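As structure tokens, the structure follows; a few thoughts come after it.
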Amino acid sequence: MQSLTDLTAAILAGGLGTRLRHAIPDRPKVLAEVAGRPFLEHLLDQLQAAGVRQVVLCTGHQGDQVREQLGSCHGTMRLEYSQEPAPLGTAGALRLALPLLRSDPVLVLNGDSFCDVDFRAFRHWHLGKPSQASLTLTEVPDTSRYGEVHLTADGAVRHFREKGGRLGAGLINAGVYMLGHALLSEIPAEGTVSLERGIFPRLIGRGLYGYRTSARFLDIGTPESYAAATPFFAQRAGRTDRAASLPMLPNER
């Protein structure tokens, strides 16, 4: 499986975070402190561990704080910035950043959620499909807060169910995407455009696929989920430490 050193990752870091305003009144949502560090740094750590070398941060509200906090690098990764002059939506932000998105496909992450997915396996799977866009999907006990994604037998997205629908377990969009460069080029250069509402629904039947995973998922969009973030990463760190301490099998050396 190929390394990710040639892959550009983009993080959508321009959200207003209105539901967290009382908890983080002085900073953008992606800089909310989680386990003693800005949430965005946990995403950057994940990308660096996967071997990514270039990350574009699509910033918006209080974007100057993001640049001041993170600077031009994170470990071995080069950080570049694309600052919205006004809210453009998730797709519009990517279209603005297009000159900086040099790989095909581009790995895109929502800046207010974390999915413990294997990025290399995801890209390998994406490249094996006739896909313009692939969404990482994970199963949660209750999809009503997020909306639900239904797939065909071959993994193509068949239908989106809006959030607020039925209660119960199902697959949700985990906010991690592989997007083809041609698709990004077709996003309108003007106006506000959403990936979730403006782009993905129009791709159903035309190269939109869902990558099923059992990876752990977290978002910090509400005060309740934000409160769960620190124990989430503490547990993740414990699992990583335990895995690193296990003896290697002969065929792993």
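The values are calculated or read from the model by the stated rules, or taken from the named source; none is laboratory data. As the structure is a computational prediction, the values presented were derived from the model and not from experiment. Cβ placement follows ideal geometry from the backbone for every residue including glycine, while neighbour counts extend to all protein chains displayed.
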Within the range 210-228, the residues that are more than 16 Å from the chain's Cα centre (by Cα) and either outside any loop (DSSP other than H, G, I, E, B) or exposed (fewer than 12 other Cβ atoms within 10 Å of the Cβ) (or both) are PRO223, GLU224, SER225, TYR226, ALA227
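Results for (1) of a type in the set (A, V, I, L, M); (2) touching a residue at least 60 places away in the same chain (Cβ under 8 Å); (3) closer than 17 Å to SER194 by Cα; (4) buried (at least 21 other Cβ atoms within 10 Å of the Cβ), shown as yes or no for each residue.
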{"residue": "ALA9", "(1), (2), (3), (4)": "yes, yes, no, yes"}
{"residue": "ASP26", "(1), (2), (3), (4)": "no, no, no, no"}
{"residue": "LYS29", "(1), (2), (3), (4)": "no, yes, no, yes"}
{"residue": "GLU80", "(1), (2), (3), (4)": "no, no, no, no"}
{"residue": "PRO85", "(1), (2), (3), (4)": "no, no, yes, no"}
{"residue": "SER103", "(1), (2), (3), (4)": "no, yes, no, no"}
{"residue": "CYS115", "(1), (2), (3), (4)": "no, yes, no, yes"}
Checking PHE160 against (1) part of a loop (DSSP other than H, G, I, E, B); (2) farther than 29 Å from PRO38 by Cα, the condition it does not meet
(1)
Looking at the structure I just gave you, is LEU43 crowded, with 16+ Cβ neighbours inside 10 Å, part of a helix (DSSP H, G or I), within 16 Å of the chain's Cα centre (by Cα) and of a type outside the set (D, E, K, R)?
yes
Subset of the range 159-191, residues acidic (Asp, Glu) and modelled with pLDDT of 95 or more, comes to GLU186
Suppose the filter is assigned to a helix (DSSP H, G or I), surrounded by fewer than 24 Cβ atoms within 10 Å (Cβ to Cβ), modelled with pLDDT of 95 or more and of a type outside the set (Val, Ile, Thr); does HIS150 pass it?
no
Looking at the range 24-40, which of its residues are modelled with pLDDT under 90 and of a type in the set (Lys, Arg)?
ARG27, LYS29
Does any residue of the range 134-145 turn out to be in contact (Cβ under 8 Å) with a residue 24 or more places away in the chain, assigned to a helix (DSSP H, G or I) and buried (at least 17 other Cβ atoms within 10 Å of the Cβ)?
no
Cβ contacts < 7 Å: first residue more than 21 Å from ILE220 (Cα to Cα), restricted to the range 41-52; second residue assigned to a helix (DSSP H, G or I) and of a type outside the set (Ser, Thr, Tyr), any location; separation 6+ or different chain. Result?
ALA50/PHE119; ALA50/ARG120
Any residue at all in the range 195-203 that is at pLDDT 95 or above and touching a Cys at 6+ places or on another chain (Cβ under 7 Å)?
no
Restricted to the range 1-22, and to residues that are at pLDDT 65 or above and small (Gly, Ala, Ser), which residue is nearest to LEU70 (Cα to Cα)?
ALA13
